[in-house]
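In what follows, a structure is listed as structure tokens, so that the remarks can point back to it.
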Amino acid sequence: MGATLTARERARVELVGEIKDAARRQLGEVGAPALSLRAVARDLGMVSSAIYRYFPSRDDLLSALIIDAYDSLGEAAERAEAKARKAGAGPGTRWLATCRAVRVWALAHRHEFALIFGSPVPGYRAPQDTVQPAARIPMVLAATLVDAFGEGLLQPAAHPLPDPPLIEPALLDDYGPFPPELHDLIERSITVWVALIGTLNFELFGHLHNVVTDYRGFFDRAMVVAAEAVGLDIHLDLAG
């Protein structure tokens with residue numbers, strides 16, 4: 001069992017949570033670029049100097065919100081994939097379940113989605129400790145594709161991508177090593193990730209208005225088309 005928190009530690013955890021909640025409200029009201037520690041302090045009835053004991057700068061608060069958003073989204077994706085796996089679903093159904101979970105989270109957390117996948121905040125540089133939380137969803141999708149590859153369920157590409165691969169070598173080092181025959185699949189997988197986030201951006205920010213009649217149905221179809229890029233076959237009538 002973990003150590004029991006002291007009363008002071010519990011009070012600190014609660015106050016940090018209240019600061020983050022107030023900052024999230026600001027995201028919805030003024031957007032991330034205008035996030036202000038002084039405004040957060042006013043919202044909570046704190047003197048502005050007090051909040052700096054918890055978050056020394058606006059960027060520290062932004063980083064905490066970004067990590068929380070990535071972790072919340074990653075947990076939703078992982079939970080959906082695990083549930084589908086437990087039910088005996090194949091890779092295609094599990095992959096679509098993961099994508100659907102990402103969409104449900106995005107619709108419920110629009111401002112946090114915009115924070116992590118929208119326009120960069122001017123002057124802000126994300127620290128290294130945001131990288132691992134950001135990788136949670138791509139890793140769920142990648143694991144599903146690796147399973148499909150191992151089970152021989154991926155259709156071979158009609159036209160392999162030309163050399164050289166356009167993948168950052170550091171990425172292959174961090175998550176590999178990967179044999180050269182998988183580089184094509186990895187590069188295609190990145191396009192699938194871009195398609196997932198791009199489709200959600202179009203929906204959340206109004207770019208599909210008067211374009212499609214059913215956002216949820218269109219999202220599912222877009223994910224099927226994207227999955228075809230990596231040779232993953234998804235039957236919507238079987239996926240539910």
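The values are calculated or read from the model by the stated rules, or taken from the named source; none is laboratory data. What you see is a predicted model; the values in this text were computed from it and never measured. Using ideal geometry, Cβ is built from the backbone for each residue, glycine included, and neighbour counts are taken over all protein chains shown.
Anything in segment 35-61 that is touching a residue at least 24 places away in the same chain (Cβ under 8 Å) and not in a helix (DSSP H, G or I)? List them, or say none. Scanning segment 35-61 gives Leu35, Tyr54, Phe55.
A count restricted to segment 69-94 and to residues that are surrounded by fewer than 16 Cβ atoms within 10 Å (Cβ to Cβ) and of a type in the set (D, E, K, R) stands at 5.
A single member of Gly231, Gly176, Gly198 is more than 18 Å from the chain's Cα centre (by Cα), at pLDDT 85 or above and in the same structural domain as Arg136 (by TED's automatic domain parsing), and it is Gly231. Among the residues of segment 174-223, those identified as more than 18 Å from Phe149 (Cβ to Cβ), of a type in the set (S, T, N, Q) and without any contact (Cβ under 8 Å) to a residue 40 or more places away in the chain are Thr199, Asn210, Thr213. The single residue among Pro91, Pro138, Pro33, Pro122 that is closer than 28 Å to Glu203 by Cα, in the same structural domain as Glu14 (by TED's automatic domain parsing) and modelled with pLDDT under 95 turns out to be Pro33. Taken over segment 76-101, the criterion of being in contact (Cβ under 8 Å) with a residue 60 or more places away in the chain and assigned to a helix (DSSP H, G or I) is satisfied by Ala77, Glu78, Glu81, Pro91, Gly92, Thr93, Trp95, Leu96, Ala97, Cys99, Arg100.
Using the structure shown, decide if Arg42 is in contact with a helix residue (DSSP H, G or I) (Cβ under 9 Å, 6 or more places away or on another chain) and buried (at least 17 other Cβ atoms within 10 Å of the Cβ).
Numbers: in contact with a helix residue (DSSP H, G or I) (Cβ under 9 Å, 6 or more places away or on another chain): yes; buried (at least 17 other Cβ atoms within 10 Å of the Cβ): no.
Considered against the rule, which asks whether it is in contact with a helix residue (DSSP H, G or I) (Cβ under 9 Å, 6 or more places away or on another chain) and buried (at least 17 other Cβ atoms within 10 Å of the Cβ), Arg42 comes out as no.
When segment 141-166 is limited to residues that are more than 22 Å from Cys99 (Cβ to Cβ) and either among the hydrophobic types (A, V, I, L, M, F, W, C) or under 21 Å from the mean Cα position of the chain (by Cα) (or both), the one that is surrounded by the most Cβ atoms within 10 Å (Cβ to Cβ) turns out to be Leu161.
Residues of segment 125-173 that are outside any loop (DSSP other than H, G, I, E, B), among the charged types (D, E, K, R), touching a residue at least 60 places away in the same chain (Cβ under 8 Å) and over 23 Å from Ala226 (Cβ atoms): Asp129 alone.
Hey, among Ala22, Ala39, Ala32, Ala7, which residue is out of contact with any Phe, Trp or Tyr (no Cβ under 9 Å at 6 or more places or on another chain) and within 18 Å of Asp68 (Cα to Cα)? Step through it out loud before you land on a result.
Numbers: Ala39 fails: within 18 Å of Asp68 (Cα to Cα); Ala32 fails: out of contact with any Phe, Trp or Tyr (no Cβ under 9 Å at 6 or more places or on another chain); Ala7 fails: within 18 Å of Asp68 (Cα to Cα).
Of the residues listed, the single one that is out of contact with any Phe, Trp or Tyr (no Cβ under 9 Å at 6 or more places or on another chain) and within 18 Å of Asp68 (Cα to Cα) is Ala22.
Among the residues making up segment 167-193, none is of a type in the set (Lys, Arg) and exposed (fewer than 13 other Cβ atoms within 10 Å of the Cβ).
Just to check your reading of the model, which residue among Ala64, Ala32 is crowded, with 17+ Cβ neighbours inside 10 Å, touching a residue at least 60 places away in the same chain (Cβ under 8 Å) and under 22 Å from Asp129 (Cα atoms)? Let's see the steps before the verdict.
Values: Ala64 fails: touching a residue at least 60 places away in the same chain (Cβ under 8 Å).
After applying the criteria, what remains is Ala32.
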